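The values are calculated or read from the model by the stated rules, or taken from the named source; none is laboratory data. Please read all numbers here as calculations on a predicted model, not as lab measurements. Every residue, glycine as well, gets a Cβ built from its backbone with ideal geometry; the counts of neighbours run over all protein chains shown.
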Amino acid sequence: MPSISRGEVEHLARLARLAVTEDEVDRFAAQLDQIVQAVAQVGQVADQDIPPTSHAVPLTNVFRRDDVRPGLSQQQAVAAAPAAEDGRFRVPRILGEEA
Amino acid sequence: MTTTVALMDYADVIARFDPVLGLEVHVELSTNTKMFCGCPTVFGGEPNTQVCPTCLGLPGSLPVVNEIAVESAIRIGLALNCEIAEWCRFARKNYFYPDMPKNFQTSQYDEPIAFDGWLDVTLDDGEVVRVQVERAHMEEDTGKSLHVGGATGRIHGADYSLLDYNRAGVPLIEIVTKPITGTGERAPEVARAYVATLRDLLKALDVSDVRMDQGSLRCDANVSLMEKDAPEFGTRTETKNVNSLRSVERAVRYEMTRQAALLADGGSILQETRHFEEASGTTRGGRRKETSEDYRYFPEPDLVPIAPSRDWVERLRTTLPEMPAARRKRIQEEWSLTDLELRDLVNAGAVDLVAATVDAGASAAEARSWWVSYLSQQANNRSVELGELPITAGQVARVIALVADGSLTNKLAREVVDGVLAGEGEPDEVVDRRGLKVVSDDSALYAAVDEALAAQPDVAEKIRDGKVAAAGAIVGAVMKATKGQADAKRVRELILERCGG
């Protein structure tokens, strides 16, 4: 039984701002389903007593001193931007959302 | 396009509903550098001049945590009576918005560095409300957008937007309360007092410049209403863009009256982010809240966990300053102030200034009198905060000392203060340049006294007859003749002496 529905693929695509076709929705649902099932196998060996791993390196508290370091100039910062204006990044209008 | 919003009378809201508040305060830390890179955090730079590959989210860049930001987070947590996590991680909060160059915000999710605390908030009439703090976590600020085109200059109708990422990555601590219930009609006041108290606390900790007008302290107000004996909370809205203490109070009050009218009319509240309009004191609908799941939080792989040792936490605890509330209590006792006097002092924003003046050698009573009356008037006249007056506590203490040793009268002292405020230098320099020293040379005073007595022989006669009260008129004449630079007490002594006293 597929665990990933068409609706979920469409929802994820919207969150990721991806335009997917009808065909792709079906194809990705099936592929994501396979991925989820593959990952689910971990559950067969990892029991409750094994905590999930988020970091493979056994390190904590890696900090930086609070010292200013040189960054980019304004020109360098916007150099690779598709569009810039007055030293700022220019982006298409933002509709229906507000931070 | 404006539609009329139905509002319920505030008294009716309170009669029928109980408000529930949840306050989220974001504070920008005043570290030298950003949360995850070495870019400076100074406010007001030219656009995109305080950026680097890390805070621009360029491929291949890696974040490294600012140690001072973590220390500040722990100190804030301790000051808020929180537990400090033994181990916690950063998480990615994924959403698309152009003010976030990485397309995710590095934040903390279910493992905040500080949690389960409280803050006591004193209302104007002295009532204390304990606000439970859910958590304080570390994250980073976003960039700033400038919306171009459209009629209003706002996002709606804009043709395009321009982004400045100088602020992107500046360390933020988000402090979240647990639901605040049971405050009834005082809910808006509690919200305001909480933010004000938190602001004072953060200022005392010296972790942020807490300027609401510059956005270094921001409050999002969650408000919901529940019918009087409803079993659970109602649907809440989250109002953003609340940029002053007054706005916090207004925004909460407005949302209460708006939601009440909707609910009373059989409507339901839309769970959404609303935008506070400063000019009208109203809120307008914004974006629908995405659910927490939609943010697809996951542990940040580029940053290792933070595990503050208990040694470190205890060491930081020793760096906590005296908390504002405790300090006020101590000051009230030390300076023998009534509740009212203390409140005046606090409302005038004069506590620190008076304390500094006392530290500089002045008596508490004199220091308080100067700051709360004469200097407060001067600040009012100039429409600035008391602390913005161009005079230091040390200078005020010097003026007080000059009065105490008889070099200045109170009237002359005010002139000296005026001179300092006018940029004429230190108090002693003003005294010299304006020639304000009290005339203490008795020979000069004798001459003035003799002259005044000669000019008013009838008064002189009365004094000689033992009507000592009549001396006032002569004192006045001498003070006038010396342009107020004589010590009135000494003048009086000389008059009585001359009249055979």
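A few comments on the model shown:
- Whichever residue in the stretch A:7-54 is loosely packed, with under 10 Cβ neighbours inside 10 Å and among the hydroxyl-bearing types (Ser, Thr, Tyr) and, among such residues, is farthest from B:PHE298 (Cα to Cα): A:THR21
- The condition of being away from every other protein chain (no Cβ under 11 Å) and either at negative phi or out of contact with any Asp or Glu (no Cβ under 7 Å at 6 or more places or on another chain) (or both) holds for only one of B:ASP159, B:ASP200, B:ASP116, that being B:ASP200.
- Residue among B:ALA401, B:ALA413, B:ALA422 that alone is under 32 Å from the mean Cα position of the chain (by Cα) and assigned by TED's automatic domain parsing to the domain that holds B:ALA362: B:ALA401
- Looking only at the stretch B:51-77, residues that are more than 11 Å from chain A (Cβ to nearest Cβ) and in contact with a strand residue (DSSP E or B) (Cβ under 7 Å, 6 or more places away or on another chain) come to 4 in all.
- In the stretch B:110-144, the qualifying residues are those that are in a strand (DSSP E or B) and within 30 Å of A:PHE89 (Cα to Cα), and the one that is modelled with the lowest pLDDT is B:LYS144.
- Counted residues, the stretch B:59-80 - those being modelled with pLDDT of 95 or more and either part of a helix (DSSP H, G or I) or more than 25 Å from A:THR60 (Cβ to Cβ) (or both): 13
- Of the residues B:THR106, B:THR49, B:THR54, the single one that is surrounded by 20 or more Cβ atoms within 10 Å (Cβ to Cβ) and farther than 30 Å from A:HIS11 by Cβ is B:THR54.
- The set of residues in the stretch B:213-228 that are within 16 Å of B:ALA187 (Cβ to Cβ), of a type outside the set (Ser, Thr, Tyr) and in a strand (DSSP E or B) comprises B:CYS219, B:ASP220, B:ALA221, B:ASN222, B:VAL223, B:LEU225, B:MET226, B:GLU227.
- When the residues of the stretch B:81-95 are filtered to those that are in a loop (DSSP other than H, G, I, E, B) and in contact with a Phe, Trp or Tyr (Cβ under 9 Å, 6 or more places away or on another chain), the one that is farthest from B:PRO301 (Cα to Cα) is B:ASN81.
- Within the stretch B:4-25, the set of residues being assigned to a strand (DSSP E or B) and among the charged types (D, E, K, R) comprises B:ASP18, B:GLU24.
- Residue match in the stretch B:59-71 (condition: over 23 Å from B:VAL207 (Cα atoms), buried (at least 18 other Cβ atoms within 10 Å of the Cβ) and not hydroxyl-bearing (Ser, Thr, Tyr)): no
- Some residue of the stretch B:269-289 being closer than 30 Å to B:GLU67 by Cα and in the same structural domain as B:THR122 (by TED's automatic domain parsing): no
- Filter result (surrounded by fewer than 21 Cβ atoms within 10 Å (Cβ to Cβ) and either assigned to a loop (DSSP other than H, G, I, E, B) or modelled with pLDDT under 95 (or both)) within the stretch B:165-182: B:LYS178, B:PRO179, B:THR181, B:GLY182
- Selection from the stretch B:47-68 of residues that are closer than 15 Å to B:MET100 by Cα and of a type in the set (A, V, I, L, M, F, W, C): B:VAL51, B:CYS52, B:CYS55, B:LEU56, B:LEU58
- Test result for A:PRO82, exposed (fewer than 10 other Cβ atoms within 10 Å of the Cβ), modelled with pLDDT of 90 or more and farther than 30 Å from B:THR273 by Cα: yes
- Every residue from the stretch B:281-321 that is part of a strand (DSSP E or B) and charged (D, E, K, R): B:ARG284, B:ARG287, B:ARG288
- Test: B:TYR297 is of a type in the set (Ser, Thr, Tyr), within 22 Å of B:SER107 (Cβ to Cβ), surrounded by 16 or more Cβ atoms within 10 Å (Cβ to Cβ) and more than 11 Å from chain A (Cβ to nearest Cβ): yes
- Note on the stretch B:28-46: residues that are buried (at least 24 other Cβ atoms within 10 Å of the Cβ) and among the aromatic types (Phe, Trp, Tyr) amount to 1.
- Lone unmet requirement of (1) surrounded by 14 or more Cβ atoms within 10 Å (Cβ to Cβ); (2) free of Cβ contacts under 8 Å to residues at least 24 places away in the same chain; (3) within 25 Å of B:ALA486 (Cα to Cα) for B:THR409: (2)
- Matching option when the condition is free of Cβ contacts under 8 Å to residues at least 40 places away in the same chain and under 22 Å from B:ASP200 (Cα atoms), among B:GLU366, B:GLU341, B:GLU415: B:GLU341
- Filtered residues of the stretch B:172-186 (kept if under 20 Å from the mean Cα position of the chain (by Cα) and either under 10 Å from B:LEU21 (Cα atoms) or not assigned by TED's automatic domain parsing to the domain that holds B:PHE115 (or both)): B:THR177
- Restricting the stretch B:346-385 to residues that are of a type in the set (A, V, I, L, M) and in a loop (DSSP other than H, G, I, E, B) leaves a set whose member that is surrounded by the most Cβ atoms within 10 Å (Cβ to Cβ) is B:ALA362.
- Hey, B:THR319 surrounded by fewer than 16 Cβ atoms within 10 Å (Cβ to Cβ), modelled with pLDDT of 95 or more and not aliphatic (A, V, I, L, M) or not: yes
- Checked across the stretch B:239-257, the condition of being surrounded by fewer than 21 Cβ atoms within 10 Å (Cβ to Cβ) and part of a loop (DSSP other than H, G, I, E, B) holds for at least one residue.
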